[in-house]
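Visitor: This is the structure I want to talk about, given as C-alpha cells.
The values are calculated or read from the model by the stated rules, or taken from the named source; none is laboratory data. In this text, all values refer to a predicted model and were calculated from it rather than measured experimentally. FYI the Cβ positions are ideal-geometry reconstructions off the backbone, even for glycines, and counts take in every protein chain you see. Remember, those area values only see protein heavy atoms, side chains included, never the ligands or the DNA or RNA. Shrake-Rupley method; radii C 1.70, N 1.55, O 1.52, S 1.80 Å.
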Amino acid sequence: FDESGKLIHHYNQDFTTSILEDRSGFLWLGTGSNGIYTAKSSTNNFKPQGYGLDALNILTGQHILGVLEDNSDNLWIGTADESLYKYNLTSNKLEGYSYKTGNAKGLGSGFIAFIFSDSKNRIWVGTLAGLSLFNPETNSFRTFYVDPVTKSSEYNFFVYGAEDDNGNLTFGTWKSPENYIRSYSFNFNE
C-alpha cells in the first residue's frame, strides 16, 4: 500500500512469514514453502532466492520464519527446516548453523521461530527448545531455558522478542498442547 492506503502491489505466490527491508532498500520476503524472495522496494517486482544469489538457492522450498540484517552486513535467515543461515551481503559468503549437518554450535533447536537484535546489537534466536544468544567472538550460541531442567519444547518454545525504551528485554513463549502464550522479562546480567 502507498501512504494514502492505495494498493500498489499484491504478492500472491505463497504465504509470507517474515519481511525485512535492508539498508540498501531491498525487501526480503520469507515464505511458507518457497524460500526467500527479494525486490528493490521501488519496483515491487519480487524474484525468488535473493535476486539470483546462488548461495541462497539452498533455501528453495524451505519454510522461512525469520529474516534479520545485523550491523555487520549479515542477513540472518531462520527456517523451520533445522537450519539457521548467516549470509554476508558484501562477500556473498553463506554460513549455516544446522542440526542436519551437526553444526548447530549451541542453538537450542533447528526450528527457528524468530531472530531479534537488541539495542546492544546482540542477536537473539528463538527456537523450539530455548532462547539462543549469538556470541560473535566464538561464532557460537549460548541457550537459555524457562525450564533448564527439562529443556523440553513444552516450556521452552520462544516465539517473539521485544525491547522497551529502557532496554528491558521481553520474550514470549508458546506452550503446547494448551495453546497459551506467556511472556518473560530477561535480565542479561542474571
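Visitor: Part of a strand (DSSP E or B) and at pLDDT 90 or above, is that true of L29?
Guide: Spelling it out, it is not the case that L29 is part of a strand (DSSP E or B) and at pLDDT 90 or above.
Visitor: Let me spell it out: the conditions are (1) modelled with pLDDT of 90 or more; (2) of a type in the set (A, V, I, L, M, F, W, C); (3) not in a loop (DSSP other than H, G, I, E, B), and V159 meets all of them except one. Which number is the exception?
Guide: All conditions are met except number (1).
Visitor: List pairs: first in the stretch 91-119 and closer than 22 Å to E137 by Cβ, second open to solvent by 20 Å² or more (accessible area, probe 1.4 Å) and basic (K, R), Cβ under 7 Å, 6+ apart or cross-chain?
Guide: The qualifying pairs are E95/K86; Y97/K105; G106/R142.
Visitor: Of the conditions (1) closer than 19 Å to S183 by Cα; (2) of a type in the set (G, A, S); (3) modelled with pLDDT of 85 or more, S153 clears all except one; give me its number.
Guide: (3)
Visitor: Separate question: R122 - would you say it is basic (K, R) and either over 14 Å from the mean Cα position of the chain (by Cα) or buried (at least 21 other Cβ atoms within 10 Å of the Cβ) (or both)?
Guide: No; evaluated as a whole, the condition is false for this residue.
Visitor: Which one of S176, S140, S185 is within 27 Å of Y85 (Cβ to Cβ), of a type in the set (S, T, Y) and at pLDDT below 85?
Guide: Selected residue: S176, the only one of S176, S140, S185 that is within 27 Å of Y85 (Cβ to Cβ), of a type in the set (S, T, Y) and at pLDDT below 85.
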